[in-house]
Amino acid sequence: MVSMNITVVGGSRGTGAIVAARAAAAGHAVRTVSRSLGSPIAGAEQLTIDATDATALRPGVTGADAVVVTVGAPARAGETPRADITRAVLEAMKAEGVRRIVVQSSWGVGDSYDSMPFVMKRVIVPLILKQALVDHGLQEEALAASGLDWTVIRPGGLTDEESRGTVRLAAGDGSSGSLGRIARADVAAMLLTALDDASSIGHAFTIVAG
């Protein structure tokens, strides 16, 4: 991948911190944006910004070649933090002339719902994931309407397991032996790969462990 200026929104922890660390180690100029500082990431500039405020976000995306959004905020009933943050990011990007964005969404959004196994559809989604998937759905709608160069990565259940080094598209019946789980490290690798893949623009990819 050609060296890039990358802003990671939600880069203080979880998948976003892995994205930032890997991008910096690969020689990219990396800036993380989050509401609170996480552990220091070697080679990355860390900014504390309210990511729901498009004006406040502008210094975080100015000069970026691409933005990665990996927001993991909980979505309580009636709340849509991921969509709210993504809308603000898109507004800030447009104001700063930045076009490329890759977003971590979730398996179960849009047409990927059909690939989920029965127990996910009938038990886990209604009891645990319903609002989160609504939130991610609105997030994806904002991207599709943005006019920017977007790619969506929809991982299965995130784990902190060791990377397998490979991922695959969710099977037609959604079965993977582990309800579609995938290591955060493998998701981070896919997010970075998508940044430099023009053929992924305008598409959403559902991934589980390979």
Kindly state which helices (runs of 4 or more DSSP H) lie completely within segment 36-151 and contain at least 1 residues that are at pLDDT below 95 and surrounded by 21 or more Cβ atoms within 10 Å (Cβ to Cβ).
-> 81-96, 130-144
Determine if segment 183-205 includes at least one residue that is over 17 Å from the mean Cα position of the chain (by Cα), within 25 Å of ASN5 (Cα to Cα) and modelled with pLDDT under 90.
-> no
Residues of segment 1-22 satisfying the condition of being of a type in the set (S, T, N, Q), in contact (Cβ under 8 Å) with a residue 60 or more places away in the chain and under 13 Å from GLU45 (Cα atoms) | ASN5, THR7
Mind checking which residues of segment 17-50 are among the hydroxyl-bearing types (Ser, Thr, Tyr) and more than 23 Å from ALA183 (Cα to Cα)?
-> SER36, THR48
Residues being modelled with pLDDT under 95 and either assigned to a strand (DSSP E or B) or of a type in the set (Lys, Arg) (or both): count how many of those fall in segment 1-32.
-> 1
Exactly one condition in (1) within 15 Å of the chain's Cα centre (by Cα); (2) under 21 Å from ASP186 (Cα atoms); (3) polar (S, T, N, Q) is not met by SER39; state its number.
-> (1)
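The values are calculated or read from the model by the stated rules, or taken from the named source; none is laboratory data. In this text, all values refer to a predicted model and were calculated from it rather than measured experimentally. Cβ atoms come from the backbone with ideal geometry, glycine included; neighbour counts cover every protein chain shown.
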